[in-house]
Amino acid sequence: MPAALRVPFLMARRIATGIDIGTYQVKMVVVEELSDKHGGRKLRRIIGTGLAESRGLRHGYIVNKEEVTASIQEAKRQAEATARVPIKTGFLAIGGISLDEARATGFSIISRADQEITALDLEKAGKAAREAAAPGFLNRRVLHSIPVEYRIDGNKVLGDPLGMKGVRLEVDYLFVTCLAQHEEALVQAVEEAQIDIIEQMASPLAGSNVLLERDQMMKGCLLANIGAETVSIVVYDEGIPISVKVFPMGSSHITDDIALGLRISLEEAERVKLGRLTGQMYPRKKVDDFIGSRLSAIFALIEKHLKSLNRRGPLPAGIIISGGGAGVGSISDIARGALKLPARLAEVRISPDTKIRDATWAVAYGLALWGIAGDTDAPKKRIGSSVKKFFQQFLP
């Protein structure tokens with residue numbers, strides 16, 4: 001008898017699948033939620049995973065859709081075999097260098113005679129912010145619209161302004177966008193693998209759903225995912241994501257540097273980078289210099305971006321580093337020196353008996369958890385909007 005049926009008093013079952021299509025690997029995570037018939041006691045666990053080599057992608061862009069679909073089908077086959085359920089719907093991560101951000105401020109004059117702020121006033125301010133940012137949305141799709149700060153009559157509001165009183169409401173918005181063509185191609189590739197997409201989420205936000213604690217988000221932190229060809233970051237301040245950015249540089253560039261510097265093949269350079277080949281032929285110090293130089297360049301890009309945000313203070317919770325390139329060299333020490341911030345490697349806090357072994361699964365896992373919290377059944381064809389249940393936690 002399946003384990004799910006042996007759990008006493010747990011009746012309702014919900015299942016969600018997260019799909020992360022990276023440059024090197026496709027990952028799927030299937031999460032199950034069991035709850036009693038009153039919706040009270042809940043038990044969540046990972047029941048299936050799938051992993052396949054990515055083909056047909058470069059910098060997150062699809063260059064051969066048939067190959068991408070084949071990779072998705074292989075990951076799906078594995079996930080279905082371990083979960084023992086058919087995968088018909090899923091939640092998709094959108095990443096790659098097409099991901100970007102835009103900011104704008106919208107305002108509304110309070111409509112009620114008693115000057116009480118209503119949902120209509122918030123909606124008007126949000127619409128005005130979107131219209132102000134619209135010139136930057138050409139050929140792009142808005143994945144998320146996140147209110148970063150509210151002001152009433154010029155004074156910052158701590159919390160939800162609904163029900164407060166004033167004359168003028170201003171809202172600063174962060175819009176996370178991606179190339180519409182890129183998003184459509186990814187969705188089509190997944191749908192050709194017979195999976196309907198319920199919703200999409202920017203990869204950095206999906207990863208932060210698993211890798212960051214609420215306290216870190218409140219105090220201020222930066223999550224950096226070091227991928228093969230890109231580095232994606234999300235910056236939190238006062239519990240709100242204030243920036244989502246992707247840089248076109250990743251761990252594969254370290255491999256290239258080693259291959260050129262030592263005049264060896266890329267395959268051999270990859271093994272040297274991972275510490276599998278050392279000795280007189282490949283002195284560790286020389287290899288560390290190549291690694292350190294490229295990592296310093298990556299963190300210099302991040303530092304420059306942080307300065308451009310004009311934050312009011314530092315990020316006390318520091319930088320948390322994840323992704324396939326997180327284990328290369330003395331990355332925490334290099335990040336600490338470059339950014340003058342505390343630095344550590346990310347950890348996924350899950351049961352030791354799960355099939356997930358490291359933080360490279362965080363995006364797919366975070367997507368599945370996000371799906372469990374919302375609608376896991378009805379596909380919503382590329383609606384390109386924020387999902388209120390998830391982003392309510394970001395309200396100032």
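Below is a table of values for the structure above.
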quantity: The one condition in (1) surrounded by fewer than 17 Cβ atoms within 10 Å (Cβ to Cβ); (2) on the phi < 0 side of the Ramachandran plot that VAL272 fails to fulfil; calculated: (1)
quantity: Restricting segment 48-87 to residues that are acidic (Asp, Glu) and out of contact with any Ser or Thr (no Cβ under 9 Å at 6 or more places or on another chain), the residue that is nearest to ALA180 (Cα to Cα); calculated: GLU66
quantity: Residue list for segment 343-372, restricted to those being among the aliphatic types (A, V, I, L, M) and either under 22 Å from GLU183 (Cβ atoms) or at pLDDT below 50 (or both); calculated: ALA362, VAL363, ALA364, LEU367, ALA368, LEU369
quantity: Residues (of a type in the set (A, V, I, L, M, F, W, C) and either assigned to a strand (DSSP E or B) or free of Cβ contacts under 8 Å to residues at least 24 places away in the same chain (or both)) located in segment 244-256; calculated: VAL244, VAL246, PHE247
quantity: Segment 29-85, subset of a type in the set (Val, Ile, Thr) and more than 15 Å from TRP361 (Cβ to Cβ), residue surrounded by the most Cβ atoms within 10 Å (Cβ to Cβ); calculated: ILE72
quantity: Criterion violated by LEU295 - all others in (1) surrounded by 18 or more Cβ atoms within 10 Å (Cβ to Cβ); (2) farther than 15 Å from GLY329 by Cβ satisfied; calculated: (2)
quantity: Residues satisfying the stated conditions in segment 153-179, i.e. farther than 23 Å from SER243 by Cα and among the β-branched types (Val, Ile, Thr); calculated: VAL167
quantity: Segment 231-267, residues that are closer than 17 Å to GLY325 by Cβ, touching a Phe, Trp or Tyr at 6+ places or on another chain (Cβ under 7 Å) and not aliphatic (A, V, I, L, M); calculated: ASP257
quantity: Residues of segment 88-109 that turn out to be touching a Ser or Thr at 6+ places or on another chain (Cβ under 8 Å) and either surrounded by fewer than 22 Cβ atoms within 10 Å (Cβ to Cβ) or of a type in the set (S, T, N, Q) (or both), as a count; calculated: 5
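For (1) modelled with pLDDT under 95; (2) over 20 Å from ALA368 (Cβ atoms), each residue gets a yes or a no:
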position	(1), (2)
TYR61	yes, yes
LYS65	yes, yes
SER71	no, no
ARG77	no, no
ALA129	no, yes
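The values are calculated or read from the model by the stated rules, or taken from the named source; none is laboratory data. Quick caveat: nothing in here was measured; it's all calculated off a predicted structure. Virtual Cβ from ideal backbone geometry, glycine too; neighbours counted across all protein chains shown.
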